[in-house]
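**Q** Dropping a structure here in structure tokens format, bear with me for questions.
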Amino acid sequence: MTEASAARVPRHIAIVMDGNGRWAKARHRPRSFGHNAGRKAVREVIEGCMRQGVEALTLFAFSSENWNRPEDEVGALMELFIRALDKEVDELHGHGVRIRFVGDLAGFEQGLRQRMNQAMTHTAGNDKLLLNVAVNYGGRWDIVQAARKAAESVARGEFRADEIDEKVLGHWMCLADLPPLDLFIRTGGELRISNFLLWQAAYAELYFTDTLWPDFDQSSLALAIEDFARRERRFGRTGDQVALAKA
Ligand code: IPE
Ligand code: IPE
Ligand code: MG
């Protein structure tokens, strides 16, 4: 595995972990078998990120739209989250990983919510890798909850409405305290964002791969990071300006 030079390693990577169902179907197994197999890929990317010096990793585990799936699949996913929380948190803590759940946690039943809160509290002091797991998350929900907080602070007289700008609103968005999102990866071949980090992805580099999530491993991650390292990020400027700034 080639390691990208430190300067070109993304500080913050987000991943839409897609393709579990198709992976299972190809093996004539139920979709839940694919979700289970996806756990290994999660471990692989966490390890890969720590190796390469990525500071923050945000994984899309369950979207606000995924409640629309068949009841037994949703149930199997919830069971999987509980099992994963019970099994993996101590080990991640041992490796210095801080775990945070982002999304509308109020949508989950109490037992699961409790486990999520425990995992967050337990690992809050860690800083080796900032791992965010997006559950019952939607990019539009995120913008709405930030807008609501802005409205509340205006109502309290802390801000005037005309003081709410991108910086102020951005401060209430999920993940605002982390390095900006550099690299947005989607596995499973679909070319869409599916209501993931809409605000945060504004200037992220997008990377799509046909690899199904359970097959994604450290070398797949290394390929994505190498691809990122070759991109020229212009942020609205010209290529010549970017070259000049680098010289
Ligand atoms: C992603 O895999 C996992 C979740 C959405 C929870 P899918 O279950 O969407 O897999 P495909 O897209 O059907 O193959
Ligand atoms: C996005 O995948 C959500 C997660 C990976 C958790 P989906 O498989 O739900 O996305 P769509 O519905 O195909 O766009
Ligand atoms: Mg899918």
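Read-outs: derived from the displayed coordinates by stated rules, not from any lab. All figures in this text were calculated on a predicted structure; none of them were measured in a lab. Because the Cβ atoms are built from the backbone with ideal geometry, glycine has one as well, and the counts that use them run over all protein chains shown.
**Q** Can you give me the C-alpha center-to-center distance between region 46-106 and region 183-218, rounded to a whole angstrom?
**A** 16
**Q** Which of the GluC sites (Glu not before Pro) found in region 60-96 are in a DSSP loop and have at most 15 neighbouring Cβ atoms, other than their own, within 10 Å?
**A** Glu65
**Q** Treating only the Cβ of Lys, Arg, Asp and Glu as charged (+1, +1, -1, -1), what charge dipole size does the chain show about its Cα centre? Round to the nearest 20 debye.
**A** That gives the chain a dipole magnitude of about 220 debye.
**Q** Can you spot the lysines whose alpha carbon is less than 29 Å from Lys25's alpha carbon? Ignore those fewer than 8 places along the same chain.
**A** Output for Lys25: Lys40, Lys87.
**Q** Only helices at least 15 Å long along their own axis, judged from Cα atoms, and with Kyte-Doolittle mean hydropathy of -1.0 or greater: name those in the chain from DSSP H.
**A** Sorted by number, the helices that extend far enough and score high enough are 31-52, 71-94, 139-155, 218-229.
**Q** Quick one: order Val154, Val89 by neighbouring beta-carbon count within 10 Å, fewest to most.
**A** So the ranking, lowest neighbour count to highest, is Val154, Val89.
**Q** So what's the net charge close to Asp86: Lys and Arg +1, Asp and Glu -1, counting the other residues with Cβ under 14 Å from its Cβ?
**A** 0
**Q** Here is a further query. Which of Ser194, Ser220 comes first, and how do the rest follow, when ranked by fewest Cβ neighbours within 10 Å? Before the final figure, lay out the partial values.
**A** Details: Ser194 14, Ser220 19.
Fewest to most other Cβ atoms nearby, the residues stand as Ser194, Ser220.
**Q** Quick one: if you stick a label point 7 Å off each Cα along the C-beta vector at Ala124 and Trp67, how many nm between them?
**A** Distance between label points: 2.7 nm.
**Q** Near Asp104, within a Cβ-to-Cβ distance under 15 Å, what is the net charge of the other residues, with Lys and Arg +1 and Asp and Glu -1? Could the numbers behind the result be given before it?
**A** Details: positive: Arg100, Arg113, Arg140, Arg148, Lys149; negative: Glu65, Glu109, Asp142.
Summing Lys/Arg as +1 and Asp/Glu as -1 gives +2.
**Q** On to the next question. Can you give the relative contact order of region 7-129 as a percent, counting alpha carbon pairs under 8 Å and 6+ residues apart?
**A** RCO, region 7-129: 26 percent.
**Q** Now, a different point. What is region 3-246 by shape, rounded, prolate or oblate, if you read a ≥ b ≥ c off the alpha carbon gyration tensor as root eigenvalues and call it rounded for a/c under 1.5, prolate for a/b larger than b/c, and oblate otherwise?
**A** The shape class here is oblate.
**Q** A further question on this structure: By its C-alpha gyration tensor, with a ≥ b ≥ c as the square roots of the eigenvalues, how is region 20-157 shaped: rounded for a/c under 1.5, else prolate for a/b larger than b/c, else oblate?
**A** Note, shape of region 20-157 comes out oblate.
**Q** Using amide H atoms built in the peptide plane, which far-off residues or other-chain residues are under 5 Å from Val133 H to H?
**A** Placed amide hydrogens put Leu59, Arg100, Phe101, Val102 under 5 Å from Val133.
**Q** Using Cα positions and a limit of under 19 Å, work out the aspartates and glutamates in reach of Lys167, with same-chain residues fewer than 8 apart set aside.
**A** Asp142, Glu152, Glu158, Asp177, Asp182
**Q** Sticking with this one: Within region 135-225, report the GluC sites (Glu not before Pro) that DSSP leaves as loop and that have at most 14 other Cβ atoms within 10 Å.
**A** Values: sites: Glu152, Glu158, Glu163, Glu166, Glu190, Glu205; in loops: Glu158, Glu190.
Filter output for region 135-225: Glu158, Glu190.
**Q** Continuing with this model, one more query. Show the residues, 5+ positions off or on another chain, whose built amide H is closer than 5 Å to the amide H of Glu205.
**A** Under 5 Å from the amide H of Glu205: Leu183, Phe184.
**Q** Still on this structure, please answer the following. Can you list the trypsin sites (Lys or Arg not before Pro) in region 61-148 that are in a DSSP coil and have 10 or fewer other beta carbons within 10 angstrom?
**A** Of the trypsin sites (Lys or Arg not before Pro), not one in the loops of region 61-148 has a Cβ with at most 10 other Cβ atoms within 10 Å.
**Q** Determine the sum of side-chain charges near Thr58: Lys and Arg each +1, Asp and Glu each -1, restricted to other residues whose C-beta is under 13 angstrom from that of Thr58.
**A** Local charge sum for Thr58: 0.
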